[in-house]
Amino acid sequence: MAIDRRNFLKGAVATSVTAMLPVNWVFAQNRPAGMAAMDVSAVKWSKVDHLPEHFKVLNSSPLNAFPPEHLLDPATTPSDVAFIRWNGQMPDFENINPDTWEFTVDGESIETPKTYTIAELKKKFKTHTQQLVLECGGNSRVNFYPNAKGNQWSNSAVFCAEWTGVLVKDVLADCGVKSDAVYTAHYGADKHISGKGAAISRGVPIEAAMNENALIAWAMNGEDIPYMHGYPLRIVFGGRPGSVSQKCATGIGVRDRVHDGKKMAAPAYQVPKNPVAPGEKVDNKDFKIIEEMIVKSLITSPQTGGEVALGDSIEVRGHAWAGVREVTKVEVSYDYGTTWQSASLTKPANPTAWQQWAITLKLPQTGYYEIWARATDSQGDSQPMVQPQWNPKGYLFNGCHRIALRVG
Ligand SMILES: Nc1nc2c(c(=O)[nH]1)N[C@H]1C(S)=C(S)[C@@H](COP(=O)(O)O)O[C@H]1N2
Ligand SMILES: [Mo]
(Lines give C-alpha, C1' and ligand atoms only; values in the text may rest on other atoms or scores of the structure.)
(Ligands and ions follow the chains in the order given, each with its own letter.)
Protein backbone atom coordinates (compact mmCIF):
# COMPACT_ATOMS: atom_id res chain seq x y z
CA MET A 1 0.00 0.00 0.00
CA ALA A 2 2.86 2.37 0.74
CA ILE A 3 4.40 2.12 -2.76
CA ASP A 4 3.32 5.43 -4.24
CA ARG A 5 2.86 7.28 -0.99
CA ARG A 6 5.88 9.46 -1.65
CA ASN A 7 6.35 12.44 0.55
CA PHE A 8 7.25 15.20 -1.86
CA LEU A 9 8.87 17.30 0.80
CA LYS A 10 9.99 15.03 3.58
CA GLY A 11 10.64 17.01 6.71
CA ALA A 12 10.06 20.41 5.13
CA VAL A 13 9.56 23.17 7.65
CA ALA A 14 6.06 24.57 7.69
CA THR A 15 6.97 28.08 6.59
CA SER A 16 8.61 26.94 3.38
CA VAL A 17 5.87 24.52 2.35
CA THR A 18 3.57 27.11 0.82
CA ALA A 19 6.23 28.39 -1.54
CA MET A 20 7.30 24.95 -2.69
CA LEU A 21 3.94 23.33 -3.32
CA PRO A 22 3.82 20.93 -6.25
CA VAL A 23 0.12 21.60 -6.85
CA ASN A 24 -2.21 24.51 -6.46
CA TRP A 25 -2.96 24.04 -2.80
CA VAL A 26 -5.82 26.21 -1.68
CA PHE A 27 -5.73 27.17 2.00
CA ALA A 28 -2.10 26.03 2.21
CA GLN A 29 -1.47 28.93 4.57
CA ASN A 30 -3.67 27.13 7.12
CA ARG A 31 -1.46 24.08 7.08
CA PRO A 32 -0.45 22.91 10.56
CA ALA A 33 3.29 22.78 11.24
CA GLY A 34 5.08 19.58 10.33
CA MET A 35 2.93 18.53 7.39
CA ALA A 36 4.60 17.59 4.14
CA ALA A 37 3.06 18.22 0.73
CA MET A 38 2.18 15.19 -1.35
CA ASP A 39 2.71 14.56 -5.05
CA VAL A 40 -0.97 13.95 -5.79
CA SER A 41 -3.42 16.77 -5.14
CA ALA A 42 -6.13 15.83 -2.63
CA VAL A 43 -8.63 16.71 -5.34
CA LYS A 44 -7.43 13.72 -7.39
CA TRP A 45 -6.91 11.01 -4.79
CA SER A 46 -8.79 8.03 -6.19
CA LYS A 47 -7.42 5.10 -4.21
CA VAL A 48 -6.03 4.30 -0.83
CA ASP A 49 -2.41 4.48 -2.07
CA HIS A 50 -2.84 8.19 -2.73
CA LEU A 51 -3.52 9.00 0.90
CA PRO A 52 -0.66 10.68 2.81
CA GLU A 53 0.95 8.88 5.72
CA HIS A 54 -0.92 10.93 8.29
CA PHE A 55 -4.13 9.00 7.60
CA LYS A 56 -4.97 5.93 9.64
CA VAL A 57 -6.72 3.59 7.22
CA LEU A 58 -9.38 1.51 9.00
CA ASN A 59 -10.18 -0.47 5.87
CA SER A 60 -9.58 -0.04 2.17
CA SER A 61 -12.80 -1.59 0.79
CA PRO A 62 -14.92 0.27 1.58
CA LEU A 63 -12.33 2.95 2.19
CA ASN A 64 -12.42 4.54 5.63
CA ALA A 65 -9.57 6.70 6.95
CA PHE A 66 -9.00 9.44 9.52
CA PRO A 67 -6.24 11.94 10.40
CA PRO A 68 -4.64 12.58 13.81
CA GLU A 69 -6.68 15.05 15.83
CA HIS A 70 -4.05 17.80 15.95
CA LEU A 71 -4.11 18.16 12.13
CA LEU A 72 -7.68 19.47 12.45
CA ASP A 73 -6.21 22.65 14.01
CA PRO A 74 -7.01 25.17 11.19
CA ALA A 75 -10.37 26.95 11.44
CA THR A 76 -11.41 25.44 8.11
CA THR A 77 -10.15 21.93 7.45
CA PRO A 78 -7.73 21.51 4.52
CA SER A 79 -8.97 18.96 1.96
CA ASP A 80 -6.02 16.64 2.54
CA VAL A 81 -6.82 16.29 6.23
CA ALA A 82 -10.59 15.62 6.20
CA PHE A 83 -11.57 12.05 7.14
CA ILE A 84 -12.83 9.77 4.39
CA ARG A 85 -15.82 7.48 4.70
CA TRP A 86 -17.30 5.28 1.97
CA ASN A 87 -20.05 2.75 2.63
CA GLY A 88 -19.54 0.81 -0.60
CA GLN A 89 -17.59 0.95 -3.85
CA MET A 90 -16.19 4.29 -4.92
CA PRO A 91 -17.41 5.66 -8.25
CA ASP A 92 -15.12 5.54 -11.29
CA PHE A 93 -13.96 9.10 -10.63
CA GLU A 94 -11.68 9.56 -13.64
CA ASN A 95 -14.60 8.92 -15.99
CA ILE A 96 -16.97 11.40 -14.40
CA ASN A 97 -17.81 14.26 -16.75
CA PRO A 98 -19.02 17.27 -14.76
CA ASP A 99 -20.44 18.85 -17.93
CA THR A 100 -22.96 16.05 -18.41
CA TRP A 101 -23.56 15.19 -14.74
CA GLU A 102 -27.26 15.44 -13.93
CA PHE A 103 -29.10 16.12 -10.70
CA THR A 104 -32.78 15.11 -10.55
CA VAL A 105 -35.43 16.33 -8.14
CA ASP A 106 -38.41 13.98 -7.87
CA GLY A 107 -40.46 11.92 -5.38
CA GLU A 108 -44.13 11.60 -4.40
CA SER A 109 -44.24 15.06 -2.86
CA ILE A 110 -42.66 17.07 -5.69
CA GLU A 111 -45.06 18.97 -7.99
CA THR A 112 -42.83 19.11 -11.07
CA PRO A 113 -39.85 16.75 -11.23
CA LYS A 114 -36.85 18.39 -12.89
CA THR A 115 -33.33 17.49 -13.93
CA TYR A 116 -30.49 20.03 -13.85
CA THR A 117 -26.92 20.00 -15.09
CA ILE A 118 -24.32 21.57 -12.79
CA ALA A 119 -24.13 24.52 -15.19
CA GLU A 120 -27.90 24.98 -14.89
CA LEU A 121 -27.76 24.90 -11.10
CA LYS A 122 -25.03 27.56 -11.18
CA LYS A 123 -27.00 29.73 -13.59
CA LYS A 124 -30.48 29.41 -12.17
CA PHE A 125 -29.89 29.77 -8.42
CA LYS A 126 -27.95 32.08 -6.12
CA THR A 127 -24.53 30.74 -5.15
CA HIS A 128 -23.71 30.46 -1.43
CA THR A 129 -20.42 29.70 0.32
CA GLN A 130 -20.60 28.30 3.83
CA GLN A 131 -18.54 26.51 6.45
CA LEU A 132 -20.39 23.34 7.41
CA VAL A 133 -19.45 20.74 10.01
CA LEU A 134 -19.67 17.23 8.71
CA GLU A 135 -19.37 14.60 11.45
CA CYS A 136 -19.87 10.87 11.10
CA GLY A 137 -22.60 9.59 13.45
CA GLY A 138 -19.99 7.10 14.67
CA ASN A 139 -17.23 9.65 15.31
CA SER A 140 -15.34 8.76 18.55
CA ARG A 141 -16.85 5.25 18.56
CA VAL A 142 -13.52 3.84 19.79
CA ASN A 143 -14.21 5.39 23.20
CA PHE A 144 -17.32 3.35 24.02
CA TYR A 145 -17.14 0.60 26.61
CA PRO A 146 -18.14 -2.11 26.02
CA ASN A 147 -16.83 -1.72 22.52
CA ALA A 148 -19.45 -1.07 19.83
CA LYS A 149 -18.98 -2.74 16.44
CA GLY A 150 -18.30 -0.58 13.40
CA ASN A 151 -15.44 1.59 12.20
CA GLN A 152 -13.32 2.40 15.23
CA TRP A 153 -13.12 6.14 14.58
CA SER A 154 -11.03 8.24 16.94
CA ASN A 155 -12.33 11.77 17.52
CA SER A 156 -11.38 13.08 14.08
CA ALA A 157 -14.20 11.72 11.90
CA VAL A 158 -15.34 15.32 11.73
CA PHE A 159 -14.29 18.35 9.68
CA CYS A 160 -15.44 21.82 8.78
CA ALA A 161 -14.69 22.78 5.19
CA GLU A 162 -15.92 25.69 3.14
CA TRP A 163 -18.55 24.55 0.64
CA THR A 164 -19.88 26.43 -2.38
CA GLY A 165 -23.16 25.64 -4.09
CA VAL A 166 -26.86 26.41 -4.19
CA LEU A 167 -29.35 26.04 -1.34
CA VAL A 168 -31.28 22.75 -1.22
CA LYS A 169 -34.37 24.77 -0.33
CA ASP A 170 -34.08 26.99 -3.43
CA VAL A 171 -33.87 23.97 -5.72
CA LEU A 172 -36.77 22.17 -4.02
CA ALA A 173 -38.90 25.31 -4.19
CA ASP A 174 -38.23 25.52 -7.95
CA CYS A 175 -39.84 22.09 -8.33
CA GLY A 176 -42.67 22.74 -5.88
CA VAL A 177 -42.98 20.88 -2.57
CA LYS A 178 -46.43 19.43 -1.87
CA SER A 179 -48.05 19.91 1.53
CA ASP A 180 -47.86 16.18 2.29
CA ALA A 181 -44.02 16.19 2.16
CA VAL A 182 -42.40 14.38 5.10
CA TYR A 183 -38.76 13.60 4.35
CA THR A 184 -36.05 13.99 1.73
CA ALA A 185 -34.25 11.14 -0.06
CA HIS A 186 -30.64 11.62 -1.16
CA TYR A 187 -29.22 9.65 -4.07
CA GLY A 188 -25.62 9.11 -5.18
CA ALA A 189 -23.73 7.38 -7.97
CA ASP A 190 -21.77 4.87 -5.89
CA LYS A 191 -22.74 1.22 -5.56
CA HIS A 192 -23.05 -1.22 -2.68
CA ILE A 193 -19.87 -3.20 -2.05
CA SER A 194 -21.50 -6.19 -3.81
CA GLY A 195 -21.90 -4.05 -6.95
CA LYS A 196 -25.69 -4.27 -6.69
CA GLY A 197 -27.89 -1.37 -5.63
CA ALA A 198 -27.03 1.81 -3.79
CA ALA A 199 -24.40 1.99 -1.05
CA ILE A 200 -26.40 4.49 0.95
CA SER A 201 -29.48 6.70 0.48
CA ARG A 202 -30.53 8.70 3.49
CA GLY A 203 -32.48 11.93 4.06
CA VAL A 204 -33.70 14.53 6.52
CA PRO A 205 -37.09 15.77 7.76
CA ILE A 206 -38.59 18.13 5.17
CA GLU A 207 -38.54 21.03 7.67
CA ALA A 208 -34.75 20.74 7.85
CA ALA A 209 -34.44 20.78 4.06
CA MET A 210 -36.73 23.81 3.74
CA ASN A 211 -35.30 25.85 6.63
CA GLU A 212 -31.62 25.18 6.88
CA ASN A 213 -28.70 26.48 4.89
CA ALA A 214 -27.97 23.11 3.37
CA LEU A 215 -26.17 23.08 0.02
CA ILE A 216 -25.99 21.23 -3.23
CA ALA A 217 -22.28 21.98 -3.61
CA TRP A 218 -19.76 21.74 -6.44
CA ALA A 219 -16.75 23.18 -4.59
CA MET A 220 -14.96 22.43 -1.33
CA ASN A 221 -12.35 24.87 -0.02
CA GLY A 222 -12.53 26.87 -3.25
CA GLU A 223 -11.65 23.99 -5.58
CA ASP A 224 -13.55 21.16 -7.28
CA ILE A 225 -14.81 18.79 -4.59
CA PRO A 226 -12.07 16.17 -4.12
CA TYR A 227 -13.02 12.75 -5.52
CA MET A 228 -12.98 11.28 -2.02
CA HIS A 229 -15.38 13.92 -0.73
CA GLY A 230 -18.01 13.57 -3.42
CA TYR A 231 -16.95 14.94 -6.83
CA PRO A 232 -18.57 16.48 -8.79
CA LEU A 233 -21.63 17.41 -6.70
CA ARG A 234 -22.53 16.88 -3.05
CA ILE A 235 -25.52 17.46 -0.82
CA VAL A 236 -24.19 18.96 2.44
CA PHE A 237 -26.23 19.38 5.61
CA GLY A 238 -24.14 20.89 8.43
CA GLY A 239 -24.77 19.61 11.96
CA ARG A 240 -26.58 16.43 10.95
CA PRO A 241 -25.06 12.94 10.76
CA GLY A 242 -22.47 12.87 7.97
CA SER A 243 -24.42 10.05 6.33
CA VAL A 244 -27.09 12.48 5.04
CA SER A 245 -24.46 14.51 3.15
CA GLN A 246 -24.62 12.48 -0.04
CA LYS A 247 -21.42 12.39 -2.08
CA CYS A 248 -21.45 12.15 -5.89
CA ALA A 249 -25.09 13.23 -5.64
CA THR A 250 -27.40 12.39 -8.54
CA GLY A 251 -30.58 13.69 -7.01
CA ILE A 252 -32.90 14.44 -4.16
CA GLY A 253 -36.39 13.09 -3.72
CA VAL A 254 -39.15 14.52 -1.57
CA ARG A 255 -41.11 11.71 0.02
CA ASP A 256 -44.59 11.58 1.56
CA ARG A 257 -43.23 9.26 4.25
CA VAL A 258 -39.95 8.78 6.14
CA HIS A 259 -37.49 7.77 3.43
CA ASP A 260 -36.90 4.02 3.18
CA GLY A 261 -33.57 4.09 1.28
CA LYS A 262 -30.44 2.09 2.01
CA LYS A 263 -29.24 2.53 5.62
CA MET A 264 -32.43 4.26 6.76
CA ALA A 265 -33.65 1.16 8.62
CA ALA A 266 -32.61 0.34 12.20
CA PRO A 267 -30.07 -0.12 13.56
CA ALA A 268 -28.06 1.91 10.96
CA TYR A 269 -27.64 5.52 12.09
CA GLN A 270 -30.17 4.98 14.88
CA VAL A 271 -30.06 4.93 18.69
CA PRO A 272 -32.40 3.30 21.23
CA LYS A 273 -35.63 5.20 21.93
CA ASN A 274 -35.19 4.53 25.65
CA PRO A 275 -31.90 4.47 27.58
CA VAL A 276 -30.25 1.04 27.74
CA ALA A 277 -27.53 -0.43 29.93
CA PRO A 278 -24.05 -0.68 28.36
CA GLY A 279 -23.91 -3.89 26.32
CA GLU A 280 -27.68 -4.46 26.31
CA LYS A 281 -29.36 -5.94 23.22
CA VAL A 282 -31.98 -3.74 21.58
CA ASP A 283 -34.80 -4.79 19.25
CA ASN A 284 -34.82 -3.08 15.84
CA LYS A 285 -38.30 -1.70 16.57
CA ASP A 286 -36.94 0.15 19.62
CA PHE A 287 -34.57 2.44 17.70
CA LYS A 288 -35.02 6.02 16.48
CA ILE A 289 -33.24 7.94 13.71
CA ILE A 290 -30.40 10.29 14.71
CA GLU A 291 -31.50 13.57 13.15
CA GLU A 292 -28.99 15.98 14.66
CA MET A 293 -25.47 15.70 16.01
CA ILE A 294 -24.85 16.93 19.57
CA VAL A 295 -22.56 19.32 21.45
CA LYS A 296 -18.88 18.43 21.31
CA SER A 297 -15.38 19.88 21.30
CA LEU A 298 -11.92 18.94 20.19
CA ILE A 299 -8.49 20.00 21.48
CA THR A 300 -6.32 20.47 18.39
CA SER A 301 -3.29 22.18 19.97
CA PRO A 302 -1.00 21.30 21.61
CA GLN A 303 -0.62 17.82 20.19
CA THR A 304 -1.26 15.12 22.77
CA GLY A 305 1.83 13.59 24.35
CA GLY A 306 3.95 16.75 24.26
CA GLU A 307 6.24 18.21 26.89
CA VAL A 308 6.48 21.82 28.06
CA ALA A 309 8.81 23.59 30.48
CA LEU A 310 7.68 24.61 33.95
CA GLY A 311 6.55 28.24 33.84
CA ASP A 312 5.67 28.14 30.12
CA SER A 313 2.40 29.73 29.01
CA ILE A 314 0.66 27.16 26.87
CA GLU A 315 -2.05 28.12 24.43
CA VAL A 316 -4.63 25.33 24.40
CA ARG A 317 -7.12 25.61 21.55
CA GLY A 318 -9.56 23.77 19.36
CA HIS A 319 -13.07 23.75 17.95
CA ALA A 320 -16.53 23.27 19.37
CA TRP A 321 -19.80 22.51 17.58
CA ALA A 322 -23.31 21.51 18.55
CA GLY A 323 -25.19 19.99 15.64
CA VAL A 324 -27.64 22.63 14.42
CA ARG A 325 -27.34 24.63 17.65
CA GLU A 326 -24.66 27.15 18.63
CA VAL A 327 -21.94 26.63 21.25
CA THR A 328 -22.15 29.24 24.02
CA LYS A 329 -19.32 28.19 26.35
CA VAL A 330 -16.14 26.11 26.37
CA GLU A 331 -14.37 25.27 29.61
CA VAL A 332 -11.01 23.63 30.16
CA SER A 333 -9.69 21.63 33.12
CA TYR A 334 -6.19 20.35 33.91
CA ASP A 335 -7.14 18.66 37.18
CA TYR A 336 -9.54 15.93 36.01
CA GLY A 337 -12.57 18.18 36.14
CA THR A 338 -12.05 19.38 39.71
CA THR A 339 -11.90 22.99 38.51
CA TRP A 340 -12.76 24.51 35.14
CA GLN A 341 -11.69 27.73 33.41
CA SER A 342 -13.62 29.45 30.61
CA ALA A 343 -11.94 29.71 27.22
CA SER A 344 -12.44 32.49 24.68
CA LEU A 345 -14.92 31.46 21.98
CA THR A 346 -15.61 32.82 18.48
CA LYS A 347 -19.04 33.15 16.90
CA PRO A 348 -19.69 30.68 14.06
CA ALA A 349 -18.98 32.01 10.55
CA ASN A 350 -22.53 30.87 9.72
CA PRO A 351 -25.01 28.48 11.38
CA THR A 352 -23.52 24.97 11.83
CA ALA A 353 -19.91 26.10 11.27
CA TRP A 354 -17.65 25.01 14.08
CA GLN A 355 -16.38 27.67 16.52
CA GLN A 356 -12.83 28.26 17.73
CA TRP A 357 -11.90 28.40 21.40
CA ALA A 358 -8.59 29.15 23.11
CA ILE A 359 -7.15 29.55 26.60
CA THR A 360 -3.68 30.21 27.97
CA LEU A 361 -2.69 27.89 30.79
CA LYS A 362 0.25 27.81 33.17
CA LEU A 363 0.54 24.38 34.71
CA PRO A 364 1.49 24.75 38.38
CA GLN A 365 4.21 22.11 38.87
CA THR A 366 6.22 19.50 37.00
CA GLY A 367 4.59 16.19 36.18
CA TYR A 368 1.87 14.61 34.05
CA TYR A 369 -1.35 16.38 33.16
CA GLU A 370 -4.51 15.71 31.23
CA ILE A 371 -6.19 18.68 29.60
CA TRP A 372 -9.94 18.27 29.18
CA ALA A 373 -12.35 20.43 27.19
CA ARG A 374 -16.10 20.72 27.67
CA ALA A 375 -18.52 22.68 25.47
CA THR A 376 -22.05 23.83 26.33
CA ASP A 377 -24.70 24.68 23.73
CA SER A 378 -27.44 27.31 23.43
CA GLN A 379 -29.93 25.00 25.14
CA GLY A 380 -27.67 24.31 28.12
CA ASP A 381 -26.60 20.82 27.04
CA SER A 382 -22.95 20.02 27.65
CA GLN A 383 -20.55 17.11 27.33
CA PRO A 384 -20.34 14.26 29.82
CA MET A 385 -16.93 13.67 31.41
CA VAL A 386 -17.15 9.89 31.08
CA GLN A 387 -19.07 8.05 28.39
CA PRO A 388 -22.46 9.27 27.23
CA GLN A 389 -25.47 6.96 26.78
CA TRP A 390 -24.08 3.69 25.44
CA ASN A 391 -25.86 2.38 22.33
CA PRO A 392 -25.37 -0.82 20.31
CA LYS A 393 -23.89 0.88 17.22
CA GLY A 394 -21.70 3.33 19.10
CA TYR A 395 -23.14 6.59 17.78
CA LEU A 396 -23.03 10.09 19.26
CA PHE A 397 -20.06 9.72 21.60
CA ASN A 398 -19.50 13.23 22.96
CA GLY A 399 -17.56 12.66 26.17
CA CYS A 400 -14.98 15.37 26.94
CA HIS A 401 -11.93 15.26 24.71
CA ARG A 402 -8.66 14.89 26.64
CA ILE A 403 -5.01 15.20 25.77
CA ALA A 404 -1.89 14.39 27.76
CA LEU A 405 0.91 16.89 28.52
CA ARG A 406 4.04 16.59 30.61
CA VAL A 407 5.65 19.52 32.36
CA GLY A 408 9.38 18.78 32.48
N1 LIG B 1 -22.40 8.71 -2.01
C2 LIG B 1 -22.05 8.52 -0.74
N3 LIG B 1 -22.21 9.53 0.13
C4 LIG B 1 -21.87 9.39 1.41
C5 LIG B 1 -21.35 8.17 1.91
C6 LIG B 1 -21.19 7.09 0.97
O7 LIG B 1 -20.75 6.00 1.31
N8 LIG B 1 -21.54 7.32 -0.34
N9 LIG B 1 -21.03 8.06 3.24
C10 LIG B 1 -21.68 8.98 4.17
C11 LIG B 1 -21.12 8.98 5.51
S12 LIG B 1 -21.60 7.72 6.53
C13 LIG B 1 -20.32 9.99 5.96
S14 LIG B 1 -19.83 10.08 7.57
C15 LIG B 1 -19.87 11.06 5.06
C16 LIG B 1 -18.34 11.13 5.02
O17 LIG B 1 -17.94 12.20 4.25
P18 LIG B 1 -16.40 12.39 3.87
O19 LIG B 1 -15.91 11.11 3.25
O20 LIG B 1 -16.32 13.56 2.98
O21 LIG B 1 -15.68 12.63 5.17
O22 LIG B 1 -20.33 10.89 3.73
C23 LIG B 1 -21.65 10.39 3.61
N24 LIG B 1 -22.05 10.44 2.24
MO1 LIG C 1 -20.88 8.24 8.73
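The values are calculated or read from the model by the stated rules, or taken from the named source; none is laboratory data. Please read these numbers as outputs of a predicted model, since none were measured by experiment. Note that we place each Cβ from the backbone using ideal geometry, even for glycine, and neighbour counts take in every protein chain shown. We work out accessible area using only protein heavy atoms, side chains counted, and drop any ligands, DNA or RNA first. Shrake-Rupley method; radii C 1.70, N 1.55, O 1.52, S 1.80 Å.
Annotations
- Shape metrics for the stretch 305-381, restricted to C-alpha atoms - Rg then Dmax, Å: 13.8, 41
- Rolling a 1.4 Å probe over the heavy atoms of the protein chains gives the chain an accessible area of 41 Å² per residue.
- Within the shell defined by Cβ-Cβ distances under 12 Å, the residues around TRP86 carry a net charge of +3, with Lys and Arg each +1 and Asp and Glu each -1.
- Taking amide H positions as modeled 1.01 Å from N, with prolines and chain starts lacking one, the residues under 5 Å from LEU58 and 5 or more places away or on another chain are ASN64, ALA65, PHE66.
- Taking 19 Å as the limit for the C-alpha separation, the pairs LYS47/LYS247; LYS247/LYS296; LYS123/LYS247; LYS196/LYS262 exceed it in the case of LYS247/LYS296; LYS123/LYS247.
- For q = 0.20, 0.22, 0.23 Å⁻¹, Debye-computed log10 I/I(0) when each Cα of the stretch 187-284 counts as one equal scatterer: -1.07, -1.20, -1.26
- Checking the Cα-Cα distances for LYS126/LYS393; LYS149/LYS178; LYS114/LYS191 against a 29 Å cut-off, the pairs over it are LYS126/LYS393; LYS149/LYS178.
- Fraction of beta bridges assigned by DSSP in the chain that are antiparallel (%, nearest 5): 90 percent
- Relative contact order for the stretch 328-408: 31 percent, from Cα pairs under 8 Å spaced at least 6 residues apart, divided by residue count.
- Carbon plus sulfur fraction of accessible area for the chain, probe 1.4 Å, in percent: 50 percent
- Descending principal axes extents, the stretch 270-408, alpha-carbon based, whole Å: 57, 36, 22
- Working note: Cα gyration tensor of the chain, eigenvalues times five, square-rooted, sorted largest first, giving semi-axes of 34, 26, 20 Å.
- Counted charge near GLY318, where neighbours are those whose Cβ lies closer than 11 Å (Asp, Glu -1; Lys, Arg +1): -1
- Around ARG374: net Lys/Arg minus Asp/Glu count, Cβ-Cβ under 12 Å: 0
- For TYR183, the amide hydrogen comes within under 5 Å of the amide hydrogens of ILE206, ARG255, ARG257, counting only partners 5 or more places away or on other chains and with H modelled in the peptide plane.
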